[in-house]
Amino acid sequence: MAYSGLTDFIKRLEKENELHVVDTFVDTELEITEITDRVVKSDGRALLFTNNGTKFPVLINAYGSDKRMLLALGRSSYDDAGKEIESLFNSLVGGGRSVFDKLKLLPDIFGMASYFPSFSKGKGKCQEVIETEPDLNTLPILKCWQYDGGRFITLPMVHTIHPLTGSANVGMYRMQVIDKKTTAMHWHLHKTGANHYEAWKKENKLMPVSVALGGDPVYAYSATAPLPENINEYILSGFLRKKRVKLVKCITNDLYVPEDADIVLEGYVDPTEDLFMEGPFGDHTGFYSLSDLYPKFHIKCITYRKDAVYPATIVGVPPQEDAWLGKATERIFLSPIKMAIQPEIVDFHLPPAGVAHNLLIVKINKSYSGQGMKIVSSLFGTGQMMFTKCVIVVDGNVDIRNYDELTRHIFDNTSICNDIMFLKGPLDVLDHASDTYSFGGKVGIDATIKLKEEILEPQKTYLQAEQSFNSAIDKIVSDGFAVNANTDAMQKGIPLVIFSVNSAATDAIKKLISQLKNDAITASLGLVIAVDSAIDTNDFYTVVWHTLGNTDPLRDHKFIEENTLFIDGTTKIFRQEGFARRWPNVVCAADDTIKAIDNKWNSLKIGGFLPSPSLKLKLLKYYGNDEIILKK
C-alpha cells in the first residue's frame with residue numbers, strides 16, 4: 001500500500017488503534033524523548049505530539065512494533081517482499097532456459113522497471129509552502145538526551161549525487177542544529193554520502209544537498225536499507241509499496257525529492273569549509289557517540305506541505321524503534337544476501353542487544369567440513385557486515401531467535417580451542433571499545449554440528465556442577481575477587497557463569513582470572529563473562545548488550561584453560577594502565593527530566609503509569625551529572 005504522506009499514514013495508524021495523540025504541551029527538549037523511551041520499552045503505540053511549541057506535530061515511534069512496521073511497508077508479513085525478491089532473482093539468474101522460457105521472463109523484468117522512480121519538474125505537495133528565509137527554529141527538532149551537543153534531526157533522508165557519474169544516493173545521517181540556517185552532516189567515512197562529499201571536494205565545487213522529512217514511511221526505511229552503492233533507494237521504495245515514487249525537482253538545486261514528502265531542507269555543503277565539531281549524541285549503541293569533525297550543511301530554502309508532520313525517532317540503550325527497522329531488513333534482505341553471498345544461508349538474525357553491528361547469528365545448510373568457518377570469513381568481508389564484531393554460525397533445527405535454545409546449541413557444538421577464530425578488521429565508527437578508531441578485533445564462532453573430519457579431539461563434556469564447584473565460586477566472591485556471581489545457566493546445563501567485578505579496583509580482572517584457574521571450576525565451565533559491578537547479572541539482555549559494547553575480542557577474550565573462555569566485558573577506562581581513547585557514558589535521562597514527566601504523566605492520557613527505564617540505567621553511568629561525560 002502506498003501512502004501520500006505522513007498524514008495519510010497517521011490516519012491508517014488511528015484506524016488500526018496504533019496511535020496515541022498527546023495534546024498536552026510537551027517540550028521538544030528532553031521531554032518527548034523521555035516519554036517515548038518509556039512507551040517504546042513497554043511495546044506501546046506510536047505517538048503524535050500536537051502541542052510542542054511549533055505548528056508542526058511530531059510523529060515518533062511510528063515503526064516501533066511488528067504491526068506498525070508492516071503497515072509502513074504496506075505488507076502483511078515480512079516474508080512477502082523476500083519471497084518476491086527471491087522469485088525475481090531466480091528468474092533472472094537461473095540458467096539452462098530456452099529462448100521461449102527467457103521470453104516468459106520479460107513481464108518480471110518490465111514489472112521491476114515499473115517501480116523505478118519518475119521525475120517531474122513541476123511542483124509537488126512538499127512545495128506547497130516555500131520559505132526562502134529558512135529558520136530551523138520553526139521545526140520541532142528534538143534535543144534527545146541530557147549530554148547531547150544540541151538538537152538533532154534524527155530521521156532525515158539526505159539526498160546527494162556524485163559530481164562525475166551523477167549517481168544519486170539517499171542516506172540517513174543525523175544532523176545537529178548549529179544555527180537557524182546550518183546543521184552538521186554526520187555521514188561516516190564508510191557511507192556513500194561521505195564518498196560523494198570527497199568527490200565534490202576534489203572538484204572544488206559546492207555540493208548540492210537536499211533533505212526530505214516524512215512522506216510515505218517506506219522512504220525512511222529504504223534510506224536505512226543495506227543496498228549496494230549506486231542502487232537508487234526509491235527503486236526499493238517503489239517495489240515495497242507497489243507503486244513508483246514520484247520525484248520533483250528542488251527549488252534551489254537540481255536534486256529530486258519525493259513529491260509527497262512533508263518537509264524538505266534544500267542547501268549545500270562547502271567541501272573547502274572548516275569542519276564542525278559535532279556531538280556528543282546519545283546513540284543507538286546505548287552510549288554517547290564521541291564528538292568528531294563533520295561538514296556543515298547550509299540551508300537556502302525550506303519547503304513543506306500545508307498539512308506537514310515532523311517525523312522523529314530516538315535511539316539509546318536498546319531496544320528502541322530501530323530494532324524493528326533492523327528486523328524488517330533481516331526478513332526482506334535474507335533472499336538477496338543468500339543468493340549474492342552464500343546460497344547455503346538459511347536465515348540470519350541481528351539480536352537487538354547487539355545494536356546492529358556487534359552480533360550476527362547465521363544459520364546454514366551444512367554439507368561439508370569447514371563450511372561454518374567459510375561463512376564466517378565471507379561475511380566479515382561483505383558490505384555493511386564488514387563492521388560486525390561477532391559472527392556465530394549454526395546449523396540444524398535450532399531456532400536462532402529462541403535464545404535459550406540457541407545458547408545451548410552453541411555450547412553443544414563449539415570446541416573453545418578449535419572453533420573460534422580471531423582477526424582484525426574495520427569496525428563501525430561508533431564502536432568505542434577498540435584501541436584504535438574504526439579498526440579492531442573480531443571473533444567468528446563455528447557452532448555448526450561437526451562432521452567427522454572436523455573433530456580434532458573429543459568434544460569436551462562439561463561436568464555437572466558439584467558442591468566443590470559451587471564452593472569455589474562462593475569463595476571467589478567472599479574473598480572479594482568479584483562482587484557477585486550468577487550461576488543460573490549452570491542449572492540449565494549451560495556451562496556459563498557471569499561475574500560482576502569492581503572494574504576500578506587494581507588488577508581486578510587479572511586477580512579474578514587467577515582464581516578461576518581451579519580444576520573444580522574449569523572442569524564444569526566453558527564461558528565466564530565479567531561485567532561491571534553496577535550490572536545486574538540476572539538481567540541477561542543487559543549483560544549481553546554491555547559486554548558486546550565494551551569488548552574488543554582480540555584484547556578481551558582470554559583462555560583460562562584450553563576449553564574455558566573468559567570475556568572481559570568491563571569498562572576499560574578505569575584500568576590501571578588506562579585507555580588510549582575517550583570512553584563514552586551510558587545514555588539515560590536526567591533526574592529532573594524523569595521527575596517532570598512523572599508529574600505530567602496523567603495529563604498525557606497514555607494509560608497506566610510507566611516508570612522511566614533510566615532509573616535502572618543511571619546506575620551504569622560512569623560519571624556523575626556534574627562531571628564531564630567523556631574522559632581520556
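Read the figures in this text as sums done on the coordinates, not as results from a lab. Please read these numbers as outputs of a predicted model, since none were measured by experiment. In this analysis, Cβ positions are derived from the backbone assuming ideal geometry, glycine residues included, and neighbour counts consider all displayed protein chains.
At a Cα cut-off below 16 Å, give the lysines reachable from LYS572, other chains included and same-chain residues fewer than 8 away excluded.
Cα-Cα hits under 16 Å: LYS510, LYS511, LYS558, LYS621, LYS631, LYS632.
Please compute the Kirkwood hydrodynamic radius over region 114-196, one decimal place, Å, based on all pairs of different Cα atoms. Mind dumping the intermediate values first?
Working: mean 1/r = 0.0656 Å⁻¹.
Kirkwood radius, region 114-196: 15.2 Å.
Taking a cut-off of 18 Å between Cα atoms, list the aspartates and glutamates near LYS300, but don't count ones fewer than 8 places away on the same chain.
Qualifying aspartates and glutamates at Cα under 18 Å: GLU128, GLU131, GLU133, ASP135, ASP179, ASP254, ASP262, GLU266, ASP270, GLU273.
Please report, in debye to the nearest 20, how large the charge dipole of region 104-305 is about its Cα centre when each Lys and Arg carries +1 at its beta carbon and each Asp and Glu carries -1 there.
Dipole of region 104-305, to the nearest 20 debye: 680 debye.
Among GLN491, GLY122, THR182, whose Cα sits farthest toward the positive end of the charge dipole of the chain (+1 at Cβ of Lys/Arg, -1 at Cβ of Asp/Glu, about the Cα centre)?
About the Cα centre, the residue reaching furthest to the positive side is GLY122.
So what's region 415-460 giving for Cα Rg divided by 2.2 N^0.38 Å, two decimals?
1.58
Pairs to check: LYS123/LYS242; LYS67/LYS442; LYS306/LYS616. Give those whose C-alpha atoms are more than 32 Å from each other in this structure.
Pairs exceeding 32 Å: LYS67/LYS442; LYS306/LYS616.
Could you work out the pair-distance distribution P(r) of region 322-454 from its alpha-carbon pairs, with 5 angstrom bin width and percents rounded to whole numbers?
2, 10, 21, 24, 21, 15, 6, 1, 0
Please name which of ALA472, ILE529, GLY74 has its Cα lying farthest along the dipole of the chain towards the positive end, using unit charges on Cβ (Lys, Arg +1; Asp, Glu -1) and the Cα centre as origin.
The Cα lying farthest towards the positive end belongs to GLY74.
With no solvent and one point on each alpha carbon, what is the Debye value of log10 I(q)/I(0) for region 407-519 at q = 0.23 Å⁻¹?
One equal scatterer on each Cα of region 407-519 leads to -1.19.
About the Cα centre of the chain, how large is the charge dipole given +1 on each Lys and Arg Cβ and -1 on each Asp and Glu Cβ? Please answer in debye to the nearest 20.
1280
Once both labels are modelled 7 Å past Cα along the beta-carbon direction, what's the PHE439-ALA590 spacing in nm?
Each label point is offset 7 Å from its Cα along the Cβ direction, giving 3.9 nm.
Modelled label-to-label distance, ASP539 and ASP307, 7 Å Cα→beta-carbon offset: nm?
4.2
Given a Förster distance of 60 Å, report the FRET efficiency between VAL129 and SER369 from their Cβ-Cβ distance, rounded to the nearest 0.05.
0.40
Measure off 7 Å from each Cα along the Cα-to-Cβ vector at ASN204 and ASN51, then give the distance between these two points in nanometres to one decimal.
5.7
For the residues LEU610, LEU275, what sequence is obtained by ranking on other C-beta atoms within 10 Å, fewest first?
Starting with the residue having the fewest Cβ neighbours, the order is LEU275, LEU610.
Can you show me the helix-derived [θ] at 222 nm for the chain, built from DSSP H runs with n ≥ 4 at -39,500 (n - 2.57) apiece and divided by the number of residues, rounded to the nearest 500.
Result for the chain: -8500 deg cm²/dmol, rounded to the nearest 500.
Report the gain in length on full extension from SER77 to LYS492: 0.36 nm times residue separation, minus Cα-Cα distance, nm rounded to one decimal.
Length gained, SER77 through LYS492: 146.0 nm.
ALA46: net charge of surrounding residues, Cβ under 11 Å, Lys/Arg +1, Asp/Glu -1, itself excluded?
Around ALA46, the surrounding residues sum to 0.
Based on the alpha carbon coordinates of the chain, what radius of gyration and maximum Cα-Cα distance (Dmax) apply, in Å?
Every Cα atom of the chain included, Rg and Dmax give 25.5, 79 Å.
Across every pair of different alpha-carbon atoms, what Kirkwood hydrodynamic radius in Å does region 283-357 reach?
Hydrodynamic radius (Kirkwood, Cα pairs) of region 283-357 is 16.0 Å.
Give the average over all directions of the projected area of the C-alpha convex hull of region 104-305, one decimal, in nm².
If you wrap the Cα atoms of region 104-305 in a convex hull and average its projections, you get 11.9 nm².
Could you tell me how many degrees, from 0 to 90 and to the nearest 10, lie between the Cα long axis of helix 78-93 and the main elongation axis, the longest principal axis, of the Cα atoms of the chain?
The helix 78-93 is inclined about 80 degrees to the chain.
Using a Förster distance of 60 Å, how high is the FRET efficiency between LEU189 and GLU466, based on the Cβ-Cβ distance and rounded to 0.05?
That pair, LEU189 with GLU466, gives E of 0.70.
Using per-residue counts of other Cβ atoms within 10 Å, averaged over each peptide, order 416-423, 286-293 from highest down.
286-293, 416-423
With both bridge residues required to lie in the chain, what share of the DSSP beta bridges run antiparallel, to the nearest 5%? Don't skip to the answer; put the middle values down first.
Numbers: 64 of 93 bridges.
That works out to approximately 70 percent antiparallel.
Evaluate 2.2 N^0.38 Å with N set to the residue count of region 511-632, then give the Cα radius of gyration divided by it.
Scaled against compact globular proteins, the figure is 1.37.
Taking a point 7 angstrom from the Cα of GLU273 along the C-beta vector, which residues in region 287-323 have backbone N less than 16 Å away?
The answer is 293-302.
Let me understand region 234-290 better: what is its radius of gyration from the alpha carbons, and its Dmax, in angstrom?
Here Rg and the maximum Cα pair distance are 16.9, 43 Å.
Taking the radius of gyration and the Kirkwood hydrodynamic radius from Cα positions alone, what is the Rg/Rh ratio for region 448-584, to two decimal places?
0.98
Net charge within 12 Å of ASP254 by Cβ-Cβ distance, Lys/Arg positive one each and Asp/Glu negative one each, not counting ASP254 itself?
Counting the neighbours of ASP254, the net charge comes to +1.
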